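Enquirer: The structure's right below; bear with me while I get my questions together.
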Amino acid sequence: MTLAAKSILRLVAFAALICASNCLHAQYERIQMRVYGLDCELCARGVAASIMRLGGVKSVAVNLKQGLLDIALKPDNNFKMSSLRKRIQDNGFRSMEATVTAFGKFDGSRFEVLGSGEWFEVKAQDSKSPPPIELTFQTRESSLRAVP
């Protein structure tokens, strides 16, 4: 094999490695989560600032009347829902149900968020698209699982 061919082969292998590592990032896009007891402006600012320090978070908006966090995530993030729930608990609050928009694999009752190691039990959706698909679904803390 010539030196040029070896160089091209290495370049292709390196590009494939880069592409594979980018594809392993979680694909959460948006999370709207109710938080029990989140009704104080000062507390809400503290929780929002704490969540902003989680990797991959683009913005956090708080609706005190509804006790709702609206979290937008950066593309190709490495975000985990379990980290969000722990951060909320560490701030003295309890996470409740959430509406999640994410990319992943769906098998009819289980939705795996790509690269996050997390999956959710969800109701059947009308999705005939090949993976990865974008799905918005409701979830409770008890429906979050780690991928075995």
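Coordinate-derived values only; no laboratory data. These numbers come from a predicted model, not from an experiment. Quick reminder, even Gly has a Cβ in these numbers, built from the backbone with ideal geometry, and neighbours come from all protein chains shown.
Enquirer: Note the full-extension length gain between Glu41 and Thr101 as 0.36 nm times their separation in residues minus their Cα-Cα distance, in nm to one decimal.
Expert: That pair, Glu41 and Thr101, stretches by 19.0 nm at full extension.
Enquirer: 5 Å is the cut-off here: which amide hydrogens, built 1.01 Å from N in the peptide plane, fall below it relative to Val122, excluding neighbours closer than 5 in sequence?
Expert: Arg110, Phe111
Enquirer: In addition: On full extension of the chain, what length is gained from Arg34 through Gln138, given 0.36 nm per residue of separation minus the C-alpha to C-alpha distance?
Expert: Full extension from Arg34 to Gln138 adds 36.3 nm.
Enquirer: Along the Cα→Cβ direction, 7 angstrom out, place labels at Arg94 and Ser109. What is the inter-label distance in nm?
Expert: Distance between the two pseudo-spin positions: 2.8 nm.
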